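The values are calculated or read from the model by the stated rules, or taken from the named source; none is laboratory data. From a predicted model like this one, the values you see are computed outputs, not experimental measurements. Here the Cβ positions follow ideal geometry from the backbone for every residue, glycine too, while neighbour counts run over all protein chains shown. Accessible surface is based on the protein model in full, side chains and every heavy atom, while ligands, DNA and RNA are left aside. Shrake-Rupley method; radii C 1.70, N 1.55, O 1.52, S 1.80 Å.
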Amino acid sequence: MMIDVSGKGNAMANRKPRPVSMMEGDPFLAELFSSQVRADVLVWLFSHRQTAVSLTELAKALGLAISSVQHEVYKLERLELIVGRRDGNSRRYRLTLDQPMTLALERLIYSAMGLETALQAVLSDTPGLVWSTVATPSRNTLTSAVLVLVGKLELDSLSSIQTRVATVLDVAENRISTSFHSEEVWRQHQQGDYPLIQRLKQLDTLTIYGDIS
């Protein structure tokens, strides 16, 4: 058996390990999380996930200089989280929703935004929506939900809305019961003994869009 008499062994044993950054060695994470403006761009895009937006529109929405937004959009496109397509004289960008990293990032962003803010955000760009509420047996244990939509909506948009709400709630889509009504019909329901309204009274409800009181 050899004995270390140099003292190097003890020095190595007593040396504290160097802290390792969670982003060390991962250029994707380092580039993704190194800018507040980039975070703002991502939050806006995930809040308007069906919208294709130009640099000018995005800069105006965020109250930022086009040059700042352009710099971050180009980086996000290089990371394949968004994709740009030529539309007339401008180039419009939207999320690459079929990318696994995009889907994982979506859940992270919605979680950071908080339940109410995230739900309001994902419905903010829904044309024709007047009012919406989501109801669950318990806000603390989300296993199912009732989604009520009131307004003039395109039928093909209902599936997209349900998908977005399911993502925010982290609930399977088939566990969400979606009910769609025109404003006139819903007001009539409010005056009567409509079963859905009676059911909502028994659940934990959260108005996420508009006011139809």
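Can you tell me which of (1) under 18 Å from H48 (Cβ atoms); (2) assigned to a helix (DSSP H, G or I); (3) open to solvent by 40 Å² or more (accessible area, probe 1.4 Å) is the one L97 doesn't meet?
Checking L97 against (1) under 18 Å from H48 (Cβ atoms); (2) assigned to a helix (DSSP H, G or I); (3) open to solvent by 40 Å² or more (accessible area, probe 1.4 Å), the one that fails is (2).
Tell me whether the range 125-132 contains one or more residues that are hydroxyl-bearing (S, T, Y), crowded, with 20+ Cβ neighbours inside 10 Å, under 20 Å from the mean Cα position of the chain (by Cα) and under 24 Å from K201 (Cα atoms).
Looking through the range 125-132, at least one residue is hydroxyl-bearing (S, T, Y), crowded, with 20+ Cβ neighbours inside 10 Å, under 20 Å from the mean Cα position of the chain (by Cα) and under 24 Å from K201 (Cα atoms).
Of a type in the set (V, I, T), in a helix (DSSP H, G or I) and surrounded by 18 or more Cβ atoms within 10 Å (Cβ to Cβ), is that true of V37? Show your work before the answer.
On the way: of a type in the set (V, I, T): yes; in a helix (DSSP H, G or I): yes; surrounded by 18 or more Cβ atoms within 10 Å (Cβ to Cβ): no.
Considered against the rule, which asks whether it is of a type in the set (V, I, T), in a helix (DSSP H, G or I) and surrounded by 18 or more Cβ atoms within 10 Å (Cβ to Cβ), V37 comes out as no.
With the condition being open to solvent by 40 Å² or more (accessible area, probe 1.4 Å) and in contact (Cβ under 8 Å) with a residue 60 or more places away in the chain, I'd like the helices (runs of 4 or more DSSP H) fully within the range 147-213 carrying at least 3 qualifying residues.
Working: elements: 155-169, 183-191, 195-200.
In the range 147-213, there are no helices (runs of 4 or more DSSP H) which contain 3 or more residues that are open to solvent by 40 Å² or more (accessible area, probe 1.4 Å) and in contact (Cβ under 8 Å) with a residue 60 or more places away in the chain.
In this structure, does E80 turn out to be at positive phi and out of contact with any Leu (no Cβ under 9 Å at 6 or more places or on another chain)? Give the derivation first.
Details: at positive phi: yes; out of contact with any Leu (no Cβ under 9 Å at 6 or more places or on another chain): yes.
Yes: the conditions hold for E80.
Those residues that are open to solvent by 50 Å² or more (accessible area, probe 1.4 Å) and either assigned to a helix (DSSP H, G or I) or touching a helix residue (DSSP H, G or I) at 6+ places or on another chain (Cβ under 9 Å) (or both), I need them from the range 53-67; list them, please. Steps first, please.
From the range 53-67, those open to solvent by 50 Å² or more (accessible area, probe 1.4 Å) are 56-57, 60-61, 63-67; that's our starting set.
Hits for the range 53-67 are T56, E57, K60, A61, L64, A65, I66, S67.
Anything in the range 110-139 that is in a helix (DSSP H, G or I) and of a type in the set (V, I, T)? List them, or say none. Working first, answer last.
First pass over the range 110-139, keeping only residues in a helix (DSSP H, G or I): 110-113, 115-123.
Answer for the range 110-139, where residues must be in a helix (DSSP H, G or I) and of a type in the set (V, I, T): T117, V122.
Quick check on Y74: is it of a type in the set (S, T, Y), in a helix (DSSP H, G or I) and touching a residue at least 60 places away in the same chain (Cβ under 8 Å)? Break it down stepwise before answering.
Numbers: of a type in the set (S, T, Y): yes; in a helix (DSSP H, G or I): yes; touching a residue at least 60 places away in the same chain (Cβ under 8 Å): no.
Considered against the rule, which asks whether it is of a type in the set (S, T, Y), in a helix (DSSP H, G or I) and touching a residue at least 60 places away in the same chain (Cβ under 8 Å), Y74 comes out as no.
I109 fails exactly one of the following numbered conditions: (1) under 16 Å from R49 (Cβ atoms); (2) open to solvent by 40 Å² or more (accessible area, probe 1.4 Å); (3) among the aliphatic types (A, V, I, L, M). What is the number of that condition?
Just one mismatch for I109, condition (2).
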